[in-house]
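Novice: Below you'll find the structure I mean.
The values are calculated or read from the model by the stated rules, or taken from the named source; none is laboratory data. The model shown is predicted, which means the values in this text are computed figures rather than measured ones. No Cβ is skipped: glycine too gets one built from the backbone with ideal geometry, and neighbour counts run over all protein chains shown.
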Amino acid sequence: MNDPFTVDTGLIEYILSIKNTGEAEREDGDRKESVVDQFLHFVDEMPGGFFIYSAGGDEKIIYANKAMLRIFECDTMAQFQQLTGNSFKGIVHPDDLESVEKSIWQQIKASQYDLDYVEYRIITRNGVVRWVDDYGHFIHSETVGDVFYVFAGDATERKLMQKEAENQVDEERRQYLDVMEGLSIGYESILYVDLDTDRVQAYRLNDRTRKQFARELEIRRYSDFAGDYVRTWVHPDDRAYITKSTTPDYIRRHLAADKTFYLNFRVVKDGSIRYIQLRIVNVGEGSGVSKIVMGYQDMDAEIVREIEQQQILKDALQSAKTAIVAKNAFLANMSHDVRTPMNAIMGFTGLARKHCHDDGKMKYYLDKIETAGEQLLSLLNNILEISRIESGKVHIEEERCSLTEILQEVQERGMSRAAAKNITFTLDLSGLEHDIVYSDGPKIAQILTRIVSNGVKYTKEGGQVSVSVREERADCDDCVIYRFVVEDNGIGINPDMLAHVFQPFEREKNTTQSGVHGTGLGLTISKSLAEAMGGTVEAVSEVGKGSTFTVVLRLSLRDPQGGVTVEDRKKNVRSSGQKRVLIVEDTEINLEIETELLRDAGYLVDVAADGSIAVEKVRNSQPGYYDLILMDIQMPIMYGYRATEEIRSLRDPALSNIPIVALSANAFDEDKKKSRESGMNAHMAKPIDTPRLMNVISSMLEE
Ligand code: ADP
């Protein structure tokens, strides 16, 4: 209906001319008048708006139909003319006028039919703002001048719907951008690149990229930016790689199959290095790669953590390898160290059997067998000790002990070996002022004995080994710092070895090759024990000149338990004549050895194959019948501890106080402690150290 092309423009021109010239000038009377009336009537009643206005000057409204008045909420033409000032300028909302007029003229110029289409707001007579569609047609007429006739429609509803749809799109777009922002939060710089046009636009900038872009959204040539960035920031060692990997060709190749890839590189800022990850994502549509997003992420914390983790793993691997190498070396040494004394034992046993009637040879062979046995025993002890230390099972006792006695014991052990090598062994006690201390005497002896034994081992014939002790004031009244120094003028230790001489299984090549017996565990044990007692062991040494080991211990002068000692529990049970010993032992070979040894020493011997038999024998014995019991610990039916407790609880004190000596292969400190706690008087380790055992037995029987 509103289509302007259906209206005969000549007819309109004619009507307008009639309207303009007035009734009197009409030439052909009623016929034409009735056509005009009919036409005007038709236009007036059209449902869509229609109006005509002059194209020049004040754009005066020449005609407006009823629908047009309705759009403007006017009842009469007079109201409409008043509202609009009877001008097209008054029809259009003032805010839209300029752009509408401009648009109309541009369209008219461009259109071959002088047509235009515009939309604008109007303000109705009731002050309501509405939208109008305006289809205009420009007519140049000689008779009536230039005019526009316009078909107009109320577009408010469509506009509102359109606006709503736009708002919805805006909201979705905003959400989309929020999502993008959220996802890209970790990126310090984000760039949008069009590889085809060689353009890069900055969306987010940080300290570094701000040097390449003056502001966000600035556009540069991508090739310029890429080169500039590499030159300014990238670490020299990574420049070639980053230059190559950010060329359009490289990016296209890598994005052909995958949506994204990333590059890790280092940048240098103020002399320090940071790790950056550049992620490149294909955001364009279609098959080719042109539009990409580049996101720069600071990975410093993560990469540094990763590098640290790798270092930890490397160190762990290295120490595992070192441990394997050390253990392999240890096993190789062990094999040698076990085989050598075993070979001696077996070889000399064979020889002894062959020459059993030659006393001189026999003694020589047996001495050799004894030495080899001692070596095996020390090896076994060392290995057991170190495994206990490594599993954290070291217990430190605090008992009354005499340092003089301890050092003399150390001297005694060292001397026997030193004498064999013609080594002068000296013990200097002049610096000892407080002899009695409350500490773990056996452990102090062990620490020093191992160091002294090394001094003797690694000093050539005719050399010297000395032990001395010095006191220093400690930070408390009841304790003293003791400095035990073991010095030798032996082969010395080279500086490399000295650095880890206290580590397990470490042995110097020259000592292993020279055939000196050792396990590389002695110093580890000494140091660990000293540390467990709160002390230290240090070594200084010079190859060819000798070594000095210093053990520093802070020892207490006061009895922590108020003076009760093991000795207090010893009870005397005396009998006259030959003494009888009850041996409680389940292993036949041990029983045989022990029986032989005791009989040989002049004792009467009785035996019990387990703890319960021993208890029964003692219970049923006459007081004084047994003078001492040698008690094995690990036995079937009843353990030695239990048997001791039962004997100690017998009613007759003459029976319950019989001295009991543990004789056990369980030789650790806590085994000794348990023995004491169960009521035993002493604890001896197997294999039997015969002279010591005899000393212990006789000293108990003498008391
Ligand atoms: P080992 O059982 O081999 O003697 P240690 O742990 O006691 O084990 O000693 C480790 C190594 O330290 C020895 O093998 C030796 O090379 C060196 N060492 C220890 N003490 C001395 C010393 N007094 N003189 C020279 N070298 C020594």
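Novice: Considering segment 506-541 alone, what residues qualify as being modelled with pLDDT under 95, more than 19 Å from Glu390 (Cβ to Cβ) and within 10 Å of the ligand (Cβ to nearest atom)?
Specialist: Glu508, Lys509, Asn510, Thr511, Thr512, Ser514, Val516, His517 - these are the residues of segment 506-541 that are modelled with pLDDT under 95, more than 19 Å from Glu390 (Cβ to Cβ) and within 10 Å of the ligand (Cβ to nearest atom).
Novice: Now for a separate question. Has segment 432-447 got any residue that is more than 9 Å from the ligand (Cβ to nearest atom), surrounded by fewer than 15 Cβ atoms within 10 Å (Cβ to Cβ) and free of Cβ contacts under 8 Å to residues at least 60 places away in the same chain?
Specialist: For segment 432-447, residues more than 9 Å from the ligand (Cβ to nearest atom), surrounded by fewer than 15 Cβ atoms within 10 Å (Cβ to Cβ) and free of Cβ contacts under 8 Å to residues at least 60 places away in the same chain: present.
Novice: Got a sec? Which of Glu98, Glu13, Glu45, Glu59 is at pLDDT below 70 and charged (D, E, K, R)? Talk me through it step by step, then tell me what you get.
Specialist: On the way: Glu98 fails: at pLDDT below 70; Glu45 fails: at pLDDT below 70; Glu59 fails: at pLDDT below 70.
Only one candidate qualifies: Glu13.
Listed here are the residues, each with its yes/no results for (1) within 12 Å of the ligand (Cβ to nearest atom); (2) crowded, with 16+ Cβ neighbours inside 10 Å.
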{"site": "Asp428", "(1), (2)": "no, no"}
{"site": "Val452", "(1), (2)": "yes, yes"}
{"site": "Lys457", "(1), (2)": "yes, yes"}
{"site": "Val467", "(1), (2)": "no, yes"}
{"site": "Asp475", "(1), (2)": "no, no"}
{"site": "Glu487", "(1), (2)": "yes, yes"}
{"site": "His500", "(1), (2)": "yes, no"}
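Novice: Something else: Please count how many residues of segment 178-209 are surrounded by 15 or more Cβ atoms within 10 Å (Cβ to Cβ) and either under 30 Å from the mean Cα position of the chain (by Cα) or not assigned by TED's automatic domain parsing to the domain that holds Ile276 (or both).
Specialist: Count: 4.
Novice: Tell me, yes or no, whether segment 249-258 has at least one residue that is basic (Lys, Arg) and under 22 Å from Leu183 (Cα atoms).
Specialist: Going residue by residue through segment 249-258, those that are basic (Lys, Arg) are 252-253.
Okay, now just the ones that are also under 22 Å from Leu183 (Cα atoms), so none.
No, because not a single residue in segment 249-258 is basic (Lys, Arg) and under 22 Å from Leu183 (Cα atoms).
Novice: Yes or no: Arg252 charged (D, E, K, R) and surrounded by fewer than 15 Cβ atoms within 10 Å (Cβ to Cβ)? Before the answer, list the steps.
Specialist: Values: charged (D, E, K, R): yes; surrounded by fewer than 15 Cβ atoms within 10 Å (Cβ to Cβ): no.
No.
A quick yes/no check of all residues on (1) in contact with a Pro (Cβ under 9 Å, 6 or more places away or on another chain); (2) touching a residue at least 12 places away in the same chain (Cβ under 8 Å):
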position	(1), (2)
Arg210	no, no
Leu217	no, yes
Arg220	no, yes
Ser223	yes, yes
Asp228	no, yes
Arg239	no, no
Pro248	no, yes
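Novice: Out of the residues in segment 327-370 meeting the condition of being touching a helix residue (DSSP H, G or I) at 6+ places or on another chain (Cβ under 9 Å) and of a type in the set (S, T, N, Q), tell me which one is farthest from Pro504 (Cα to Cα).
Specialist: The qualifying residue farthest from Pro504 (Cα to Cα) is Thr349.
Novice: A follow-up question, please. Regarding Leu217, is this residue assigned by TED's automatic domain parsing to the domain that holds Arg274 and surrounded by 12 or more Cβ atoms within 10 Å (Cβ to Cβ)?
Specialist: Numbers: assigned by TED's automatic domain parsing to the domain that holds Arg274: yes; surrounded by 12 or more Cβ atoms within 10 Å (Cβ to Cβ): no.
So Leu217 fails the test.
Novice: Could you check segment 105-122 and list, in sequence order, the residues that are in contact (Cβ under 8 Å) with a residue 40 or more places away in the chain and of a type in the set (Val, Ile, Thr)?
Specialist: If the condition is that a residue be in contact (Cβ under 8 Å) with a residue 40 or more places away in the chain and of a type in the set (Val, Ile, Thr), then Ile122 is the only one that fits.
For every residue, the table says whether it meets (1) part of a helix (DSSP H, G or I); (2) without any contact (Cβ under 8 Å) to a residue 24 or more places away in the chain; (3) small (Gly, Ala, Ser); (4) away from the ligand (no atom under 16 Å from the Cβ).
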site: Gly373; (1), (2), (3), (4): yes, no, yes, yes
site: Leu376; (1), (2), (3), (4): yes, no, no, no
site: Leu380; (1), (2), (3), (4): yes, yes, no, no
site: Ile396; (1), (2), (3), (4): no, no, no, yes
site: Glu409; (1), (2), (3), (4): yes, no, no, yes
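Novice: Residue check: is Gln107 part of a helix (DSSP H, G or I), surrounded by 11 or more Cβ atoms within 10 Å (Cβ to Cβ) and not hydrophobic (A, V, I, L, M, F, W, C)?
Specialist: Numbers: part of a helix (DSSP H, G or I): yes; surrounded by 11 or more Cβ atoms within 10 Å (Cβ to Cβ): yes; not hydrophobic (A, V, I, L, M, F, W, C): yes.
The answer is yes for Gln107.
Novice: Take Ile303 and decide whether it is surrounded by 11 or more Cβ atoms within 10 Å (Cβ to Cβ) and assigned to a strand (DSSP E or B).
Specialist: Taking the combined requirement at face value, the residue does not satisfy it.
Novice: Restricting to segment 352-370, name every residue that is assigned to a helix (DSSP H, G or I), surrounded by fewer than 17 Cβ atoms within 10 Å (Cβ to Cβ) and either within 16 Å of the ligand (Cβ to nearest atom) or not aromatic (Phe, Trp, Tyr) (or both).
Specialist: To start, the set of residues in segment 352-370 that are assigned to a helix (DSSP H, G or I) comprises 352-354, 359-370.
Then drop every residue that is not surrounded by fewer than 17 Cβ atoms within 10 Å (Cβ to Cβ), which leaves 353-354, 359-364, 366-367, 370.
Hits for segment 352-370 are Arg353, Lys354, Asp359, Gly360, Lys361, Met362, Lys363, Leu366, Asp367, Glu370.
Novice: Are there any pairs with C-beta distances below 7 angstrom linking a residue in segment 619-645 that is farther than 15 Å from Ala609 by Cβ to a residue that is part of a loop (DSSP other than H, G, I, E, B) and small (Gly, Ala, Ser), with the two at least 6 apart or on different chains, and if so which?
Specialist: Every condition considered, the pairs that remain are Gly624/Ser575; Asp627/Ser575; Thr644/Gly679; Glu645/Gly679.
A quick yes/no check of all residues on (1) closer than 30 Å to Ile481 by Cβ; (2) at pLDDT 90 or above:
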position	(1), (2)
Ala326	no, no
Arg339	no, no
Asn343	no, no
Phe348	no, yes
Arg353	no, yes
Glu374	no, no
Leu384	no, no
Lys393	yes, no
Ser402	yes, yes
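Novice: So, in segment 202-216, exactly how many residues are assigned to a loop (DSSP other than H, G, I, E, B) and within 14 Å of Met294 (Cα to Cα)?
Specialist: From segment 202-216, those assigned to a loop (DSSP other than H, G, I, E, B) are 205-208, 212-216; that's our starting set.
Imposing the further condition that a residue be within 14 Å of Met294 (Cα to Cα) reduces the set to 205-206.
The total comes to 2.
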